[in-house]
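Notes follow once the structure below has been shown.
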Amino acid sequence: MHSSFFKTLAILCIGGLTACTQPAQQDNKTCQEAVQEEQPNAVIETIMSRRSIRKYKPEPVSRETMETILECGINAPNGMNKQSWEIRVVDNPDFINGITEVYKKANPKAAEDPSFKNMFRNAPTVVFIAHDPGYDCSQIDCGLLGENMILSAWSMGIGSCCLGGPVRFINTNPDAAPYLQKLGFSEGYRLLYCIAFGHPDETPAAKPRSKEKIKYVE
């Protein structure tokens, strides 16, 4: 049995070495490049297939999954490692429904839509991101942080959508102030945007992107 196993292993090893030491193909591709061509690039596939989701199933995102998403977020590049952001995760229905009631009071037409459940595109989990205005690149850092979270979430089947409207409301409406206070950001930090997370309940098509805005400078 052992002799047969080692003989098989030897054949596989020799075959692999032969494949990687044979003359390169006509376009001089290395063995590593040939293998990479045969295997799809998961990162590129995630980026190109990602869509902003605006309809979610009611079940919440598990905290275990959110922990992975958040870990990916805080490992995004940031200027001088200042980590000039703060994150608050809300999956408490009381908070989400409470601030939504304040929003509906100020925007009664929103509740006329029978599909409207909350002001965060009906998402069950919302991540609020604040930045340090004292650092001039903090908004860039927050953007990188959010993109990491969005892409990692999509790779695990979790949809998301960046939202600015709810944050404008929370930052400016006096009746929303208690909810902003509940988020407990450090003094001096300002709420910048939020991201809705949830299990997608739609499959939107890709929207066109213009390459005319891209130019190489010689």
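The values are calculated or read from the model by the stated rules, or taken from the named source; none is laboratory data. A quick note: this is a predicted structure, and the numbers were derived from the prediction, not measured. Don't worry about glycine lacking a Cβ; one is built from the backbone with ideal geometry, like all the others, and counts go over all protein chains shown.
The table that follows gives values for the structure above.
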item	result
The stretch 60-98 - residue that is surrounded by fewer than 17 Cβ atoms within 10 Å (Cβ to Cβ) and among the acidic types (Asp, Glu) and, of those, nearest to residue 179 (Cα to Cα)	94
Matching residues in the stretch 155-202 - criterion: being among the acidic types (Asp, Glu) and more than 24 Å from residue 84 (Cα to Cα)	175, 201, 202
One residue from 161, 142 being among the hydrophobic types (A, V, I, L, M, F, W, C), surrounded by 14 or more Cβ atoms within 10 Å (Cβ to Cβ), touching a Leu at 6+ places or on another chain (Cβ under 8 Å) and over 14 Å from residue 90 (Cβ atoms)	142
Counted residues, the stretch 40-59 - those being out of contact with any Pro (no Cβ under 8 Å at 6 or more places or on another chain) and surrounded by fewer than 16 Cβ atoms within 10 Å (Cβ to Cβ)	9
All positions within the stretch 102-135 that are out of contact with any Ser or Thr (no Cβ under 7 Å at 6 or more places or on another chain) and among the hydrophobic types (A, V, I, L, M, F, W, C)	102, 106, 110, 111, 116, 120, 123, 126, 127, 128, 129, 130
Test: residue 149 is within 17 Å of residue 198 (Cβ to Cβ), surrounded by 15 or more Cβ atoms within 10 Å (Cβ to Cβ) and in contact with a Gly (Cβ under 6 Å, 6 or more places away or on another chain)	yes
Close pairs from the stretch 87-108: first over 17 Å from residue 197 (Cβ atoms) and part of a helix (DSSP H, G or I), partner charged (D, E, K, R) and at pLDDT 95 or above, Cβ under 7 Å, at least 6 apart	102/175
Test: residue in the stretch 124-145 that is on the phi > 0 side of the Ramachandran plot and modelled with pLDDT of 95 or more	no
